[in-house]
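Down below is the structure, laid out as structure tokens.
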Amino acid sequence: MEQVLEIGQIVNTYGIKGFLKVVPYTDDLQRFKNLKTIYIQLKNELKQFNVEEVKFSKNLVLLKLQGIDDINIAETYKNCYVKIERKDAIKLEENSYFIVDLIGINVYTEQEQLLGKIEDVFSTKANDIYVVKDEFGKQILLPAISEVIKNVDVKNKKMTVHLIEGL
């Protein structure tokens, strides 16, 4: 299991004092206010920063990090990913999962037929959609609803599903 989780991507700078404009990968923007430390993936290096200030603008998070004090330094982090340690992640509700934990899980029918592995997860207004791809590249889109998803065992990387008509 990944010990560092992506929580957003830096898309631009904000102002001249080194604020970073971040597109969050979480439903709860307020969770950024509780962060003391974050990591930024810069090329092959994971750099640690202390969070000095958090603001919000529309659906974006504005982060001021210790050591990033002007626009020129902030520019170097454009398009990088913001990460946190798993221990600092919010506690998920029952039957909720981090996307990183679902990617690569084997998906089986209730009859133990392997459908493939989860390749991607995307959100819609109604629910998440799991993209399952088999060994031949064929894709199946599964809605993340209780009628379809019967069991998820992240530890053993196995999901059991009930295929309803039309899938």
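The values are calculated or read from the model by the stated rules, or taken from the named source; none is laboratory data. Here the structure is a predicted model, which is why all the values come from computation and not from measurement. Heads up, the Cβs are rebuilt from the backbone with ideal geometry, glycines too, and the neighbour counts pull from every protein chain shown.
Summary table
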read-out: Members of segment 102-126 that are more than 12 Å from ALA144 (Cβ to Cβ), more than 15 Å from the chain's Cα centre (by Cα) and free of Cβ contacts under 8 Å to residues at least 40 places away in the same chain; value: GLN111, GLU112, GLN113, LEU114, GLY116, LYS117, LYS125
read-out: Residue within segment 140-148 that is of a type in the set (Ser, Thr, Tyr), in contact with a strand residue (DSSP E or B) (Cβ under 9 Å, 6 or more places away or on another chain) and either within 18 Å of VAL100 (Cβ to Cβ) or not assigned by TED's automatic domain parsing to the domain that holds THR26 (or both) present; value: no
read-out: TYR77 being part of a strand (DSSP E or B) and of a type in the set (Phe, Trp, Tyr); value: no
read-out: Out of VAL152, VAL148, VAL161, sole residue that is without any contact (Cβ under 8 Å) to a residue 24 or more places away in the chain and surrounded by 13 or more Cβ atoms within 10 Å (Cβ to Cβ); value: VAL148
read-out: Any hit, segment 34-45, residues being in contact with a helix residue (DSSP H, G or I) (Cβ under 8 Å, 6 or more places away or on another chain), over 30 Å from ASN151 (Cβ atoms) and among the hydroxyl-bearing types (Ser, Thr, Tyr); value: yes
read-out: Counted residues, segment 137-155 - those being part of a strand (DSSP E or B) and under 18 Å from PHE122 (Cα atoms); value: 7
read-out: Residue satisfying condition, being within 15 Å of ILE84 (Cα to Cα), among the aromatic types (Phe, Trp, Tyr) and modelled with pLDDT under 95, within set PHE32, PHE49; value: PHE32
read-out: Of all residues in segment 9-49 being surrounded by fewer than 18 Cβ atoms within 10 Å (Cβ to Cβ), touching a residue at least 40 places away in the same chain (Cβ under 8 Å) and of a type in the set (A, V, I, L, M, F, W, C), the one that is nearest to LEU60 (Cα to Cα); value: VAL11
read-out: Verdict on LYS17 being modelled with pLDDT of 90 or more and within 18 Å of ALA74 (Cβ to Cβ); value: yes
read-out: Residue within segment 54-66 that is in contact with an Asp or Glu (Cβ under 7 Å, 6 or more places away or on another chain), outside any strand (DSSP E or B) and not basic (Lys, Arg) present; value: yes
